[in-house]
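Worksheet: one structure, shown below.
The numbers here are math on the coordinates, done by the rules we state, and not lab data. The model shown is predicted, which means the values in this text are computed figures rather than measured ones. When we count neighbours, we look across all protein chains shown, and the Cβ atoms used for this are built from the backbone with ideal geometry, even at glycine.
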Amino acid sequence: MAGKFELKKSKNDKFYFSLLAGNGQTILQSEMYESKASANNGIGSVKKNATNDARYERLNSTKGEPYFVLKAGNHQVIGQSQMYASEKARDNGIESCKTNAPTAPTDDQT
């Protein structure tokens, strides 16, 4: 099964999306957006930037847990991953994002 974007509305009426792998695991989650149109633009930006390795910033949390952020061409963060147990697992998450994002359909749950 292929990956997909899930577009949702929060309890405080803001919009956000998640990129899910084919197995249902969350690869990337967005920030909160004021409008649905802005969230959809964010999805488009993930699709556009996901295959460019230079757009990924590989980081570690204060607890030393590896994670990544995906940035747009203007260096704004588009989305952030979960925390991973190892750098290899994080790098696998990046590869999953590169594979799934460009063609992932959007499941609008708003």
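Structural remarks
- With contributions of -39500 (n - 2.57) from each DSSP H run of at least four residues, the per-residue ellipticity at 222 nm computed over the chain stands at -8000 deg cm²/dmol.
- Linear extension gain, Ser18 paired with Ala72, 0.36 nm per residue minus alpha-carbon span: 17.8 nm
- Low-density loop positions, trypsin sites (Lys or Arg not before Pro), region 12-110 - DSSP coil, at most 13 other Cβ in 10 Å: Lys63
- Pairs from the table (Lys11/Lys98; Lys11/Lys88; Lys36/Lys88; Lys8/Lys88; Lys8/Lys63; Lys36/Lys98) lying more than 27 angstrom apart at Cα are Lys11/Lys98; Lys11/Lys88; Lys36/Lys88; Lys8/Lys88; Lys8/Lys63.
- Here's the list of aspartates and glutamates a cross-link from Lys47 could span, going by alpha-carbon distance under 19 Å and ignoring same-chain residues fewer than 8 apart: Glu6, Glu31, Glu57, Asp91, Glu95, Asp107, Asp108.
- Reference-scaled alpha-carbon Rg (2.2 N^0.38 Å with N residues) for the chain: 1.00
- Folded to 0 to 90 degrees: helix 87-100 orientation relative to the chain principal axis, Cα: 40
- Net length available on complete extension from Ser10 to Thr26 is 4.1 nm, with 0.36 nm assigned per residue and the Cα-Cα distance removed.
- Using R0 = 22 Å, the C-beta based FRET efficiency linking Ala2 and Ala89 works out to 0.55.
- With Cα atoms, 0 to 90° folded angle of helix 36-49 axis to the chain main axis: 30
- Between Ser38 and Gln82, the FRET efficiency from the beta-carbon distance, with R0 = 22 Å, is close to 0.45.
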